[in-house]
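Report on one structure; see the data block that follows.
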Amino acid sequence: MSQKKMGFTTGEFARLCGVKRHTLFHYDEIGIFSPALRGENGYRYYAPAQIEVFHVIAALKELGMPLAEIRSYLDRRSPAALLELLDREQAALTRKLAGLERIRRLMGRKAELTRRAMALTPGRVELEDQPDRWYVVTPAAGITDQEKFAHVMARHLEYCDAHGVDSPYALGALMPTAAARRGDWDGYTSCYTQVDQPPAGVELFTAPAGRYLVYCHAGSFDTVREGYARLFAHAGERGLQLGPWVLEDVLLDELCCKGYDQYLLKLSVAVLGEI
């Protein structure tokens, strides 16, 4: 019988399926996928109908199914078992795709926020009109203490995870305006995570739409009090009445900055009117 009538050689079949010959040899050795025929010369030959079978096996492996599990299915293969396998893997793939889509959205939003932060000019006090903003908040007192802050942050992240809070924003903190004015740097009341849309079943702090006095600080948390001083000095010079809370946001952090002292922090406080 000629080679053409016997089927594809290992090399031909490997090229058709986009794999290396070694993969076919390995699958044959472990009993997952064997050639349809073996010639008298010991050569392996694969039938055209085996192409679809190999593609399904390759797809299952791509989805993360261990080879041992694929072999287990093949040992008990039947039409009913195939339907059960395909339904289960399709459901798993749907869940995985939903998770990947969530990550894609978060990455896109994070990129947008990073570009926006890069366009800012640090060291200037400015007025901004802001829309409503929402924050998932965890109360904490004296979070400038590193040990306390670590416990509060862990509790906050556990809460966000338990309530399905996805956010591209870095962790921020609330400072009472009165505490900052008197230099009480242990006066932080809570840490927070900003969200683009208020999630159901989660208690939120809302920063209402309106005019805000803002200052972008290039540096670390240790030097951000300089930004508070400039913010309050500017408000005093212009006779502005400020709201009760200063929001301290991290716009650029160690995800894109090499040093702790290269962060970009943003302070914002509502302007209630003129004194």
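The values are calculated or read from the model by the stated rules, or taken from the named source; none is laboratory data. In this text, all values refer to a predicted model and were calculated from it rather than measured experimentally. Ideal geometry is used to build each Cβ from the backbone, glycine not excepted, and the neighbour counts take in all protein chains shown. Only protein heavy atoms, including side chains, enter the accessible area calculation; ligands, DNA and RNA are left aside. Shrake-Rupley method; radii C 1.70, N 1.55, O 1.52, S 1.80 Å.
Tell me, please, whether a residue that is part of a loop (DSSP other than H, G, I, E, B), of a type outside the set (A, V, I, L, M, F, W, C) and within 24 Å of the chain's Cα centre (by Cα) can be found in segment 175-193.
no
Just for helices (runs of 4 or more DSSP H) wholly inside segment 1-78: which have at least 1 residues that are within 38 Å of the chain's Cα centre (by Cα)?
10-17, 21-29, 50-62, 67-75
If a residue must be aliphatic (A, V, I, L, M) and open to solvent by 60 Å² or more (accessible area, probe 1.4 Å), how many such residues does segment 152-177 contain?
So the answer is 3.
Is it true that THR121 is open to solvent by less than 80 Å² (accessible area, probe 1.4 Å), closer than 30 Å to LEU267 by Cβ, modelled with pLDDT under 95 and not hydrophobic (A, V, I, L, M, F, W, C)?
Answer is yes for this residue.
For the condition open to solvent by less than 20 Å² (accessible area, probe 1.4 Å) and either assigned to a helix (DSSP H, G or I) or of a type in the set (A, V, I, L, M, F, W, C) (or both), what is the one hit in LEU265, LEU255?
LEU265
Of a type in the set (Ser, Thr, Tyr) and either part of a loop (DSSP other than H, G, I, E, B) or at pLDDT below 90 (or both): is that true of TYR169 in this structure?
Yes, satisfied.
Anything in segment 185-238 that is buried (at least 20 other Cβ atoms within 10 Å of the Cβ), among the hydroxyl-bearing types (Ser, Thr, Tyr) and either modelled with pLDDT of 95 or more or within 24 Å of ARG109 (Cα to Cα) (or both)? List them, or say none.
TYR192, THR193, TYR212, TYR215, TYR228
May I ask you to verify whether ALA92 is at pLDDT 95 or above and either surrounded by 14 or more Cβ atoms within 10 Å (Cβ to Cβ) or in a helix (DSSP H, G or I) (or both)?
Spelling it out, it is not the case that ALA92 is at pLDDT 95 or above and either surrounded by 14 or more Cβ atoms within 10 Å (Cβ to Cβ) or in a helix (DSSP H, G or I) (or both).
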